[in-house]
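In what follows, a single structure is set out as structure tokens and then discussed.
The values are calculated or read from the model by the stated rules, or taken from the named source; none is laboratory data. Not measured: the values here are computed from a predicted model. With ideal geometry, Cβ positions are generated from the backbone for all residues, glycine too; neighbour counts draw on all protein chains shown.
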Amino acid sequence: MNNADQGQWELAGQILSTLAEAAEPVSAIRLAKRLGTGQSSLLRCLNLIGEPPFAAPDALGWVAQVHDGERLMLSLTPAGLAALEQLA
């Protein structure tokens with residue numbers, strides 16, 4: 001695994017943990033700020049771990065992505081919760 005891949009999986013773990021702690025969906029902008037990462041890095045990671053149609057067709061489906069007006073709202077799916085438990 002190269003450094004870029006490792007960084008993506010570390011960010012994925014941080015996304016899952018943060019969303020698991022949230023009581024309600026979190027905006028992508030707020031999540032990026034909370035994690036100290038850029039929105040482009042966050043969106044690249046969501047393309048791998050999110051749910052279609054906003055993620056790649058073969059994405060893992062760990063994060064639900066819903067547009068609320070112009071905001072992209074994110075929440076953990078049951079598959080994401082299971083993945084988080086396996087990563088712990």
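Looking at region 40-65, which of the residues that are of a type outside the set (A, V, I, L, M) and in contact with a helix residue (DSSP H, G or I) (Cβ under 8 Å, 6 or more places away or on another chain) is surrounded by the most Cβ atoms within 10 Å (Cβ to Cβ)?
Filtering region 40-65 for residues that are of a type outside the set (A, V, I, L, M) and in contact with a helix residue (DSSP H, G or I) (Cβ under 8 Å, 6 or more places away or on another chain), the one surrounded by the most Cβ atoms within 10 Å (Cβ to Cβ) comes out as Trp62.
Given (1) part of a loop (DSSP other than H, G, I, E, B); (2) over 10 Å from the mean Cα position of the chain (by Cα), identify the lone condition not met by Gly61.
(2)
Which residue, of Leu60, Leu19, is among the aliphatic types (A, V, I, L, M) and either modelled with pLDDT of 95 or more or in contact with a Pro (Cβ under 6 Å, 6 or more places away or on another chain) (or both)? I'd like the intermediate steps shown before the answer.
Numbers: Leu60 fails: either modelled with pLDDT of 95 or more or in contact with a Pro (Cβ under 6 Å, 6 or more places away or on another chain) (or both).
Among Leu60, Leu19, only Leu19 is among the aliphatic types (A, V, I, L, M) and either modelled with pLDDT of 95 or more or in contact with a Pro (Cβ under 6 Å, 6 or more places away or on another chain) (or both).
Mind listing whichever residues of region 14-43 are outside any helix (DSSP H, G or I) and more than 18 Å from Asp68 (Cβ to Cβ)?
To start, the set of residues in region 14-43 that are outside any helix (DSSP H, G or I) comprises 22-27, 36-38.
Within region 14-43, Gly36, Thr37, Gly38 meet the criteria.
Can you name the residue in region 66-88 that is free of Cβ contacts under 8 Å to residues at least 12 places away in the same chain and in a helix (DSSP H, G or I) and is also surrounded by the most Cβ atoms within 10 Å (Cβ to Cβ) among such residues?
Ala82
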